[in-house]
Amino acid sequence: MDKLNCSVGDLAITVRCNLPENQGNIVRVRAPIGMEEWVGSEEPLFTWECEIATEHGWLAYNYDGYLETSKVGPVPDKYLRRITPPQGYLLEEFADSEQLQMDFHQTEVSEKDIAKELVHGE
């Protein structure tokens, strides 16, 4: 078996899905299910139990022509791409970096505005 795209706890996006309703869903990988038969695949696929991570998303499943939706369900690893970095990645990558500090309330004041305020007392 090739390296898996995700692991437990990851946030992932669904890609290359057989059902267009599933394309682009953001999910949280909850637990491994293991190898399962999957429509459209000749061989069993490693499958995760996933939970929709957005308020309005749904996982869709086609059961004999009937479309069923759920907030939690199986998703093959083949159709997932991790969107959270691997555990410890950010700590290792940026351990010696200083946190960026920004003041979004500070604005630039032009010399023209200062002169206008001095002359007119605005």
Cut-off 12 Å (backbone N to label point 7 Å along Cα→Cβ of Val72), residues of region 1-40: 30-31
Label zone at Val39 (point 7 Å along Cα-to-Cβ), backbone N below 12 Å, region 48-67: 60-67
Accessible-area composition of region 1-67, carbon plus sulfur, in percent [1.4 Å probe]: 51
Amide H partners (placed H, <5 Å) of Cys50, local residues excluded: Arg30, Gly73, Val75
Integer Hz, Karplus 6.51/-1.76/1.60 couplings in order for region 63-80, x for Gly and Pro: 10, 6, x, 9, 8, 10, 10, 7, 7, 10, x, x, 9, x, 4, 4, 9, 10
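The values are calculated or read from the model by the stated rules, or taken from the named source; none is laboratory data. Treat the numbers as computed from the prediction; the structure is a model and nothing was measured. No Cβ is skipped: glycine too gets one built from the backbone with ideal geometry, and neighbour counts run over all protein chains shown. Side chains included, ligands, DNA and RNA excluded: accessible areas come from the protein's heavy atoms. Shrake-Rupley method; radii C 1.70, N 1.55, O 1.52, S 1.80 Å.
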